[in-house]
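J.: Handing you a structure now.
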Amino acid sequence: MGTVTATPAPARRAFDLEVVGQALSEHRRTFLGFVTAVVFGTLVASLAAKKQYEAVAVIQLMPKAGQEMASNEVVNNDAAGYLEGRDRARTQIQIILSRSVRAEVVKRYNAEGYTDVPNTQDGIDALAKAISASPQEDTQLVEIGVLNPNPDHAAKLANILAEVYEEVNLNARNDAARSTEGWLGTQKTSAKAALDDATQKVLEFKQTHALQDADQKGDDVTSRLTALQAALGEATSQRVLLESKLYGHRRLLAKGDYDQLSAMFQDPALQAMAQQRANVMSQTADVLAQYGDQHPEHQKAVERIKNVEALIAQEVQRNVDGEASQVETLKSQEAALGDELTTVKNELLDRGKLQSEYDELKLAEDNARRVYDALGSRGADVALQANSQLNDVRIIDPAIAPTKAATPNIPLNVAMALAVGLAGGFALALLRHRLNETVMSTSDIERYLETPLLGVVLSLPKERKIVDRALHSFNHPRSQSSEALRGIRGVLQTFPATGKTRRILVTSCVEGEGKTHTALGIAVSFAQLGQSVLLIDADLRVPQLHKLLNVKESPGLSDALVDITDAQPFVLRTAVPRLFLLPRGQAVDYPNELLCSSELERLLNRMAETFDVVIIDTPPAAIVADALSLALLVDGVVLVVRRGRVARSLVVKTLAQLRQMGARVFGVALNDVPRTKQSSSYYYDEQARTDQRATP
């Protein structure tokens, strides 16, 4: 026969929910087993886990406590200041969890007679795993929690931790104030000595030169001198005050305390950056909780926090540099005022050299007095803050012994295990489905083989005899399996025959795929339609049809081809009405050469004069070339593929070989497909009802 064009196959579809449903259906036992194992294991582990009780103490972080009485600073309570407090809370939480605080907690805990947390490095490290600190949303409150098998011990540790942190915070604040107070004291002593020296010089000058009217100003030049002296004194006072602040700020800058420094500057840019850092840190916490610290999104968020903190550090440095620049500016002003004073003094030379000298001495005295007074005022403010004992940390609710264990939380653990089990089971089922390279469903045929699906051959109970299984469609014509074979027959009838007789070749890729049973089932379905059917056993290597139909093996096809005789006498009647079999016949040494002979085509033409349908059962096409040799002598080829038996790549290769030979491939019949409850309930399975009646 000539070459025919293969029926176009449907296009391959992309991944969709059908794959998911298929994976879960194929590996439902794996899915359910994984879910059950995870949930049961979590439940057992939760029941066996040691109970832990969590005691919680609540503290308040007040903004800028201790600065309320400062004469030269106003406490900022606006929205930006509140956001700075939230940002500061995150920094203070790290201090609460620090090693030094934990070491002091363990020390005091042991001093009160508790020994379950030893005062060793291991005990301090163990406490780190048991404590937690977290801010309450939209408040200035921080919760300090401690886990311990003993509820009383948990409460004791939580309260000691809150007290230690409160003391550490107060000491840190007072230490900074005392350091500044000491520096101011040194500066004040120097200023007092300078003032005394300037006053003594004024008195001595007046006594020496008898200048009783030296303080009286009588003309415009003298008024200018007075104004310049006042301006110079004011500039000097401002410089001293600014230098005092600059010293404190530089000290905090050297310690890297950008949080406190940013709170000291009334800088909108710093406030905006602090708010931005608070937002980024909140987002980072969400990313960490959702993905973990190794996720790329968390790494990016951490990098953003570092960038914002670097910007804050730069802005703080800029403010400090600005203060230093102001100091230099004031110094320049002092120098400029001094120069102008010199000019005025030259103008006063006409009034007398003595007056000029006196004014200079008096000016030095006034400047020294202003410096001394400014240092005294600033020192009083710092001393008040250092000795006030006002703390920006306050314990709101001391911890009490809990009555209910915090861990294990069995309902939560089981719920999480169920979620993990469902996700893991789904992933495992999908992975097994992906790793399975065999044809498992009808969708695989269209998706991967790009070949039409003729129909399915349903699985039969394994305990039935092989003969009963082969003739099941004949013995139980109203069964679901028989209906499936009739569906394949209906599809085959849609393909036009090239002659009077319909010729169909049935093959498979490898052995064990059920091609012989399928060929027999298709033949029975055509016979049930009232057509005369000839089933030819062209598997000259491993014949099976004569056993299934309970007839003799020879003489048959090989005898007719070897002796070039009429094969009609070798055609045997079977137990199935209108179904005849041409068995293999005698074994031959070169079956492929025999099947490739021109006599086979003449034999098929003679058989076409007698039968309506000729169905040829051949060896597996991927193992031997017999099926490829016969493919051009028939109207089309039916490739039988057993579910889960052969790799998809081999099926694709076999189909390609058939098409390369010029054969027309009708499609694929998927064998050994499990029955479904929905479909089986529609058909009346006589054998199933018989088995049910036979069951006691």
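Nothing in this text is a laboratory measurement; each read-out follows from the coordinates by a stated rule. Note that the structure is predicted; figures quoted are calculated from it, not measured. With ideal geometry, Cβ positions are generated from the backbone for all residues, glycine too; neighbour counts draw on all protein chains shown.
J.: For ARG584, ARG659, which order do you get if you count the other beta carbons within 10 Å of each Cβ and list the fewest first?
T.: ARG659, ARG584
J.: For ILE536, enumerate residues with amide H under 5 Å from its amide H, sequence gap 5+ or separate chain, H modeled in the peptide plane.
T.: Amide H to amide H, under 5 Å and 5 or more residues apart or across chains, ILE536 pairs with LEU582, ILE615, ILE616, ASP617.
J.: Same structure, new question: If you build the convex hull over the alpha carbons only and average its shadow over all orientations, what do you get for the range 451-690? Give it in nm² to one decimal.
T.: If I average the Cα hull's projected area over directions, I get 12.3 nm².
J.: Give the relative contact order (percent, whole number) for the range 451-690; include only Cα pairs under 8 Å separated by 6+ residues.
T.: Once divided by the residue count of the range 451-690, the mean separation gives 32 percent.
J.: Still on this structure, I have one more. Order of SER481, SER190 from fewest to most other C-beta atoms within 10 Å?
T.: SER190, SER481
J.: Would you mind checking which residues have amide H under 5 Å from ASN671's amide H? H placed 1.01 Å from N; only 5 or more apart, or other chain.
T.: Counting only residues 5 or more places away or on other chains, the set is VAL457, VAL641, ARG642, ARG643.
J.: Could I ask something else about it? Here are some pairs, LYS206/LYS245; LYS255/LYS306; LYS156/LYS306; LYS201/LYS331; LYS206/LYS331; LYS188/LYS345; which of them have Cα atoms lying more than 28 Å apart in this structure?
T.: Flagged as over cut-off: LYS206/LYS245; LYS156/LYS306; LYS206/LYS331; LYS188/LYS345.
J.: May I ask you to sort PHE526, PHE474 by Cβ crowding, counting other Cβ atoms within 10 Å and putting the fewest first?
T.: Starting with the residue having the fewest Cβ neighbours, the order is PHE474, PHE526.
J.: Give, rounded to the nearest 20 debye, the magnitude of the charge dipole that the range 83-143 has about its Cα centre when Lys and Arg contribute +1 at Cβ and Asp and Glu contribute -1 at Cβ.
T.: About 200 debye.
J.: Taking H as built 1.01 Å from N, whose amide H comes closer than 5 Å to the amide H of ALA406, not counting residues under 5 places away?
T.: Sorted by chain and number, the residues that satisfy this are GLN52, TYR53, GLU54.
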